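Accompanying notes for the structure given below.
The values are calculated or read from the model by the stated rules, or taken from the named source; none is laboratory data. Please read these numbers as outputs of a predicted model, since none were measured by experiment. Neighbour counts run over all protein chains shown; Cβ positions are idealised from the backbone, glycine included.
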Amino acid sequence: MIVFSNLKIWNNEKRDFEVKDVEIDYDPALFKIADPEIDCRDYLGIPPGIDLHVHFREPGFEHKEDILSGAETALFGGVLTVLDMPNTNPITDSVKTLQQKREITKKQDIVDILIAAAITEKNAESIDSLDDYCDAYKVFMSESFGELMVNEDKITASLNKLEESGTIKPIIFHAEDPRILEERATEQSHYKKRPPEAEAIALQKILQWAKDYSSLKLHVTHVSSSLSLKLLELANIPNLTSDTCPRYLFLNQFSELDENYKKVNPPLRKEYDNQSLIEALSMGIVDMVSSDHSPHTISEKENEKPCGMPGVQELLPAVFTLIHSGELEWERAIEAFSTFPSKLLNIQNEPLEESFQIIDPYTPFTVDSKWIKSKAGWSPFQDRMLFGSLKYVIKNSQMLIKADY
Ligand SMILES: [Zn+2]
């Protein structure tokens, strides 16, 4: 047994921290602990993160990331639940491939890995048959990584099926309109090829679907531009939620990062968008955060230059950094990385005093190669200072991490 004494731990009912002594177990073979009482007066106890958008790349692209490396990366970012996206190889779009991925996730028991099924041209008409096997649905409205684009007729067909089935599982949209992307295909720069209008027009479609299918939970992931925020703010539809990612809050097309490494879909926008998204997150116009952890190796980023970047380990430190700078309140932050994703994904949370993380919110750390766990081996936040270094992760009253950075 060890005791975290004087710990300011979050209380969801009170929506505030309270000071407590919390007892937990640990395996002495795994952790050396000199004194069984750890004074935590400078630390905070908060819920573990839920990341509703990761690509752990297994099966098919294990050189970029795999279930074990992905889970470890999440753990060292204080994230204990993730939703894995279906653009693996094979694509997760059938009972068989969902079962196959479910087996793969069992290679580890650190992180709860939920699985999203792809809605595709092929399975749209019978999508309800996957409901017992998946935790969420993913719709790619345009081409990204993997050939998963599905046209609007098929999306509507799948929404009809899902409404009939009475599913409670969320339908998560990558919102970029394929017609705009086609129009802009000849543009030189990546961000001009995929302009904010593409996201806004796709979002308008999703808003209409959310109204038409009011019993379904629709979710727009990785909102990237201020143009979309105007639509979200005006719409205010109860069965539609949204998230944004640290990359859209902190980085833009002028950030100091080589062009190849900046390539992501939707693209990084402008500083103005960073600021509007931070405000929208703090006001709850954007409900949640996700990482869209989409790792590619350094060699791939240098050569083939695919779109995507890692992010699951940086997700919570990025949020803590906004709290540190006074741009976000704890109450909203905990909604954004825990309470709301948990509701969206139908997760029963364990009591906070049994599963939580302890962070040092005041001391910054540098994102460097020693810190980075992803197989990708790099971070879009490389060499930046972030706040909220992770000290301990506790799951079911058992210590999983004692970190010293
Ligand atoms: Zn993604």
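Can you name the residue in the stretch 182-197 that is more than 16 Å from Leu227 (Cβ to Cβ) and in a helix (DSSP H, G or I) and is also nearest to the chain's Cα centre (by Cα) among such residues? Explain how you work it out, then say what you get.
Going residue by residue through the stretch 182-197, those that are more than 16 Å from Leu227 (Cβ to Cβ) are 182-183, 185-190, 193.
Those still in the list that are in a helix (DSSP H, G or I) too: 182-183, 190, 193.
On the way: Glu182: 28, Glu183: 30, His190: 23, Lys193: 24 Å.
The selected residue is His190.
Do we find that Asp109 is in a loop (DSSP other than H, G, I, E, B), in contact with a strand residue (DSSP E or B) (Cβ under 6 Å, 6 or more places away or on another chain) and within 26 Å of Ser291 (Cβ to Cβ) in this structure?
No; evaluated as a whole, the condition is false for this residue.
Does the stretch 339-354 hold any residues that are within 19 Å of the chain's Cα centre (by Cα) and in a loop (DSSP other than H, G, I, E, B), and which are they?
Leu345, Asn346, Ile347, Gln348, Asn349
Does Thr221 meet the test of being touching a residue at least 12 places away in the same chain (Cβ under 8 Å) and either of a type in the set (S, T, N, Q) or over 20 Å from Val289 (Cα atoms) (or both)?
yes
Go over the candidates Ile115, Ile91 one by one and state the one that is outside any loop (DSSP other than H, G, I, E, B) and either away from the ligand (no atom under 15 Å from the Cβ) or in contact (Cβ under 8 Å) with a residue 24 or more places away in the chain (or both).
The conditions single out Ile115.
Looking at Glu182, Glu143, can you tell me which residue is more than 15 Å from the ligand (Cβ to nearest atom) and of a type in the set (D, E, K, R)?
Glu182
Which one of the conditions (1) among the aliphatic types (A, V, I, L, M); (2) outside any helix (DSSP H, G or I); (3) farther than 24 Å from Leu344 by Cα does Leu68 fail to meet, given that it meets all the rest?
(2)
Please work out which one of (1) of a type outside the set (S, T, N, Q); (2) under 21 Å from the mean Cα position of the chain (by Cα); (3) modelled with pLDDT of 95 or more; (4) more than 16 Å from the ligand (Cβ to nearest atom) is the condition Asp128 fails and give its number.
Here Asp128 clears every test but (2).
The rows are residues; the columns are (1) more than 19 Å from Met149 (Cα to Cα); (2) modelled with pLDDT of 95 or more; (3) out of contact with any Phe, Trp or Tyr (no Cβ under 8 Å at 6 or more places or on another chain).
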residue: Arg57; (1), (2), (3): no, yes, yes
residue: Asp66; (1), (2), (3): yes, yes, no
residue: Gly78; (1), (2), (3): yes, yes, yes
residue: Val82; (1), (2), (3): yes, yes, no
residue: Asp93; (1), (2), (3): no, yes, yes
residue: Lys101; (1), (2), (3): yes, yes, yes
residue: Lys107; (1), (2), (3): yes, yes, yes
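Looking at Lys161, Lys169, which is the one that is assigned to a helix (DSSP H, G or I) and either hydroxyl-bearing (Ser, Thr, Tyr) or more than 16 Å from the ligand (Cβ to nearest atom) (or both)?
Selected residue: Lys161, the only one of Lys161, Lys169 that is assigned to a helix (DSSP H, G or I) and either hydroxyl-bearing (Ser, Thr, Tyr) or more than 16 Å from the ligand (Cβ to nearest atom) (or both).
Going through the stretch 351-381 one residue at a time, which ones are closer than 23 Å to Leu52 by Cα and out of contact with any strand residue (DSSP E or B) (no Cβ under 8 Å at 6 or more places or on another chain)?
Pro351, Ile372, Lys373, Lys375, Ala376, Gly377, Trp378, Ser379, Pro380, Phe381
To keep it simple, each residue is scored yes or no on (1) within 16 Å of the ligand (Cβ to nearest atom); (2) among the acidic types (Asp, Glu).
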| residue | (1), (2) |
| --- | --- |
| Ser5 | no, no |
| Lys14 | no, no |
| Asp25 | no, yes |
| Ile33 | no, no |
| Leu68 | no, no |
| Ala74 | yes, no |
| Gly78 | no, no |
| Val95 | no, no |
| Lys101 | yes, no |
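In the stretch 284-307, which residue that is touching a Lys or Arg at 6+ places or on another chain (Cβ under 8 Å) and under 30 Å from Asn239 (Cβ atoms) is nearest to the ligand (Cβ to nearest atom)?
Asp292
Would you mind stating whether Asn239 is of a type outside the set (Asp, Glu) and within 24 Å of Asn160 (Cα to Cα)? First the steps, then the outcome.
Values: of a type outside the set (Asp, Glu): yes; within 24 Å of Asn160 (Cα to Cα): yes.
Yes; evaluated as a whole, the condition is true for this residue.
Residue by residue through the stretch 86-117, note down the ones that are touching a Ser or Thr at 6+ places or on another chain (Cβ under 8 Å) and closer than 20 Å to Ile347 by Cα.
Listed by number, the residues that qualify are Pro86, Leu98, Lys101, Val111, Asp112, Ile113, Leu114, Ile115, Ala116, Ala117.
Taking Asn252 as the residue in question, decide whether it is farther than 17 Å from Glu197 by Cα and away from the ligand (no atom under 16 Å from the Cβ). Can you show your working first?
Values: farther than 17 Å from Glu197 by Cα: no; away from the ligand (no atom under 16 Å from the Cβ): yes.
Criteria not met by Asn252.
Restrict the check to the stretch 33-55 and report whether at least one residue is free of Cβ contacts under 8 Å to residues at least 12 places away in the same chain, of a type outside the set (A, V, I, L, M) and either exposed (fewer than 12 other Cβ atoms within 10 Å of the Cβ) or in the same structural domain as Lys305 (by TED's automatic domain parsing) (or both).
Among the residues of the stretch 33-55, at least one is free of Cβ contacts under 8 Å to residues at least 12 places away in the same chain, of a type outside the set (A, V, I, L, M) and either exposed (fewer than 12 other Cβ atoms within 10 Å of the Cβ) or in the same structural domain as Lys305 (by TED's automatic domain parsing) (or both), which makes the answer yes.
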